[in-house]
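Okay, so here's the structure we're looking at.
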Amino acid sequence: MSASTQASRAIPIAGAGIVLGSYDLAAISVAFAPIRDQWHLSAGVVTSLGTATLVGMLVGSLAAGFLADRIGRRAVIVGDLLLFAISALLAAFAPDFAVLTVARLATGVAVGVDFAVVFPFVADMATSHKKGRSMAWILFGANFGTLAAYALGGFMLAHLGPLGWRVLLGSAALLALPLLLFRRRLIEAPSWSLLTPLTFRQLRQRAALALRHERLGAQALATLLYQVTDQGIGLVLPLLLVTVLQTSASSGAFDAAIVKVVTIPASLVAVLLIDRVSRRRLQITGFLGRAVPLCLLGLALIDGLHISPLIIGLLLASSYFFGAAGPDKTTVISPSQYAAPEIRASSQGLSQASGRLGGIIGVTGYAILVAIAGPGAGLLLFGVACLLGAIVSFAALPRSNPEIVLGEDDPI
């Protein structure tokens with residue numbers, strides 16, 4: 001079997017885990033409102049489920065990146081799906097909030113592993129001129145995972161009542177099982193198999209050097225700032241809409257799907273441009289395009305202005321469009337594409353871990369600010385984070401796309 005044929009089969013199977021992870025993250029955000037009502041929790045307490053998920057993702061990203069560079073990518077992305085299925089089932093049958101929190105922590109570890117290792121695996125498998133676009137297509141597919149969870153969540157909450165959120169979380173486990181069977185048939189990326197793996201100590205030393213001198217640190221900071229807003233607003237979007245529009249949990253989920261649908265054309269724009277224009281330009285434009293509507297909406301809500309649901313939806317959709325067309329792709333793709341092959345997964349893991357830290361800041365900061373000054377203050381936090389991301393990208397990233405770092409045996 002030719003290398004291109006192997007890649008064409010392996011990349012969608014690996015990338016499906018990212019779609020599943022996006023489905024799961026959207027599913028727990030849909031579940032916030034009914035869990036809050038069922039167990040009589042405050043908004044701050046229920047959003048701690050999102051924080052627990054992100055803490056798990058941070059741990060999973062850090063550990064898996066180094067592990068995948070040491071023992072290979074395939075074993076790691078097979079094992080994490082098993083953990084994902086078990087923890088998703090535990091969440092679905094959780095008898096109380098404490099058990100649900102532990103289950104979400106474990107699910108987060110599994111999702112974090114996938115985000116840290118799938119993209120290095122794809123970079124190893126894809127031909128050199130298709131690496132960026134192959135990873136962009138995976139992120140394009142992830143939008144459908146999010147939309148599916150919002151739409152199914154709205155349907156389940158409307159028709160299954162208190163059981164709806166449990167069925168929604170459990171459905172992720174059922175989706176993981178066939179993917180686990182397919183992943184077991186994957187082969188290790190040939191380019192990694194021909195490398196001499198570094199020791200964990202060597203990996204830490206090389207990764208630390210890359211953080212300081214190869215712009216990985218600047219991109220990791222940009223990733224952190226983007227995920228303050230992206231995972232922050234992504235995990236609270238249905239609850240935000242329920243609060244601002246004074247609607248039901250099922251309507252909030254459907255409204256979130258309508259807002260999120262703009263990420264489909266936006267992601268197509270990113271796929272077309274990712275290898276044709278400067279990543280720096282895409283990233284700065286996306287950050288600024290997301291910052292403006294979030295800041296405007298946040299200030300309007302703080303001032304107590306009456307805003308129609310249509311305007312709220314348009315502003316949120318605009319922020320999602322620019323994010324999906326720029327930093328949503330560039331911050332994920334760059335570490336895997338440009339890191340040296342022997343530290344590709346470690347670099348991706350570090351960048352993803354910084355993003356999860358940003359998500360923790362976003363979700364926690366939003367919960368605190370909402371308790372103090374309402375949802376407008378939380379949205380303003382997201383907007384300011386995007387402005388800072390644009391500044392970091394302008395100051396620290398190269399004006400043109402870096403030359404791709406190829407290993408001795410990378411496919412060309």
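For region 299-341, a tally of residues being farther than 18 Å from residue 389 by Cα, assigned to a helix (DSSP H, G or I) and not β-branched (Val, Ile, Thr) returns 14. Looking at the structure I just gave you, is residue 74 under 22 Å from residue 340 (Cβ atoms) and either part of a helix (DSSP H, G or I) or not small (Gly, Ala, Ser) (or both)? When the stated conditions are applied, residue 74 passes them. Criterion applied to 126, 158, 103 was being of a type in the set (A, V, I, L, M, F, W, C), touching a residue at least 60 places away in the same chain (Cβ under 8 Å), touching a helix residue (DSSP H, G or I) at 6+ places or on another chain (Cβ under 8 Å) and crowded, with 16+ Cβ neighbours inside 10 Å, and the one residue passing it is 126.
Just name the residue that is farthest from residue 240 (Cα to Cα) out of those in region 278-302 that are among the hydrophobic types (A, V, I, L, M, F, W, C) and open to solvent by 40 Å² or more (accessible area, probe 1.4 Å). Before you say what the answer is, go through the steps one by one.
Of region 278-302, the ones among the hydrophobic types (A, V, I, L, M, F, W, C) are 282, 284, 287-288, 291-292, 294-297, 299-302.
Next cut, open to solvent by 40 Å² or more (accessible area, probe 1.4 Å) only: 288, 292, 296, 299, 301-302.
Details: 288: 22, 292: 18, 296: 16, 299: 15, 301: 12, 302: 14 Å.
The selected residue is 288.
Kindly provide the set of residues from region 68-81 that are among the charged types (D, E, K, R) and surrounded by 20 or more Cβ atoms within 10 Å (Cβ to Cβ), ordered by number. Across region 68-81, the qualifying residues are 69, 73, 74, 80. Residue 224 fails exactly one of the following numbered conditions: (1) at pLDDT 95 or above; (2) of a type outside the set (Asp, Glu); (3) surrounded by fewer than 18 Cβ atoms within 10 Å (Cβ to Cβ). What is the number of that condition? Failing condition for residue 224: (3). Restricting attention to region 47-67, the residues that are surrounded by fewer than 24 Cβ atoms within 10 Å (Cβ to Cβ) and either closer than 21 Å to residue 79 by Cβ or among the aliphatic types (A, V, I, L, M) (or both) add up to 8. The residues in region 116-156 that are in contact with a Gly (Cβ under 7 Å, 6 or more places away or on another chain) and either outside any helix (DSSP H, G or I) or under 30 Å from residue 251 (Cα atoms) (or both) can be counted, and the count is 3.
The values are calculated or read from the model by the stated rules, or taken from the named source; none is laboratory data. The shown structure was predicted, so the numbers you read here are calculated from the model rather than taken from an experiment. Note that each Cβ is placed from the backbone with ideal geometry, even for glycine, and that neighbours are counted across all protein chains shown. Just so you know, the surface numbers come from the protein's heavy atoms only, side chains and all, with ligands and any DNA or RNA stripped out. Shrake-Rupley method; radii C 1.70, N 1.55, O 1.52, S 1.80 Å.
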